[in-house]
Amino acid sequence: MVDPNTESLVDVPFQINRLAHIIHEFNQKWWFDLYTGEKLERNDGELIALMHSELSEGLEGVRKNKMDDHCPQHPNVTVEMADCIIRILDYCAGKGLNVGQALVDKCAYNLIRADHSHEHRKAEGGKKF
């Protein structure tokens, strides 16, 4: 098991946040008004719904066991997961969220969560998946 406090993870928050900022730069066209060029206040609910839509498209790709239409070298589910990650990281950078540190912290917490242990999951009422 990986220790989340090891030196190999020290740079992870920085790298994830860096990727989020790069993706956000690629997506600037969605953060400014198409006609006026003014910066938009993007709606959190709309942005999160767009993340959901990518997951739903990925589910449909699994259901139909198909390759992606735009990147035919990849299964559709793989491309839709990439789209979801793009939307998540764009959102986090656009809203100034430190998703890199939160991801590392949450992974560390999940390693010690009682309700994630085999014993708890096997118990009556435990999480089965």
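The values are calculated or read from the model by the stated rules, or taken from the named source; none is laboratory data. Note that this is a predicted model, so its numbers are computed, not measured. Cβ coordinates were reconstructed from backbone atoms using ideal geometry, including for glycine residues, and neighbour counts include every protein chain displayed. When the accessible area is computed, the model is the full protein with side chains, heavy atoms only, and any ligands, DNA or RNA have been set aside. Shrake-Rupley method; radii C 1.70, N 1.55, O 1.52, S 1.80 Å.
Things to note:
- Listed by position, the helices (runs of 4 or more DSSP H) contained in region 4-104 that have at least 1 residues being open to solvent by less than 70 Å² (accessible area, probe 1.4 Å) and in contact with a Lys or Arg (Cβ under 8 Å, 6 or more places away or on another chain) are 44-64, 76-94.
- Residues within region 42-66 that are within 13 Å of TYR91 (Cβ to Cβ), of a type in the set (D, E, K, R) and without any contact (Cβ under 8 Å) to a residue 40 or more places away in the chain, tallied: 2
- The residues listed here are ASP83, ASP90; of these, the one that is touching a Phe, Trp or Tyr at 6+ places or on another chain (Cβ under 8 Å), in contact (Cβ under 8 Å) with a residue 24 or more places away in the chain and of a type outside the set (Lys, Arg) is ASP90.
- Selection from region 108-123 of residues that are under 28 Å from VAL12 (Cα atoms), free of Cβ contacts under 8 Å to residues at least 40 places away in the same chain and assigned to a helix (DSSP H, G or I): TYR109, ASN110, ILE112, ALA114, ASP115, HIS116, HIS118
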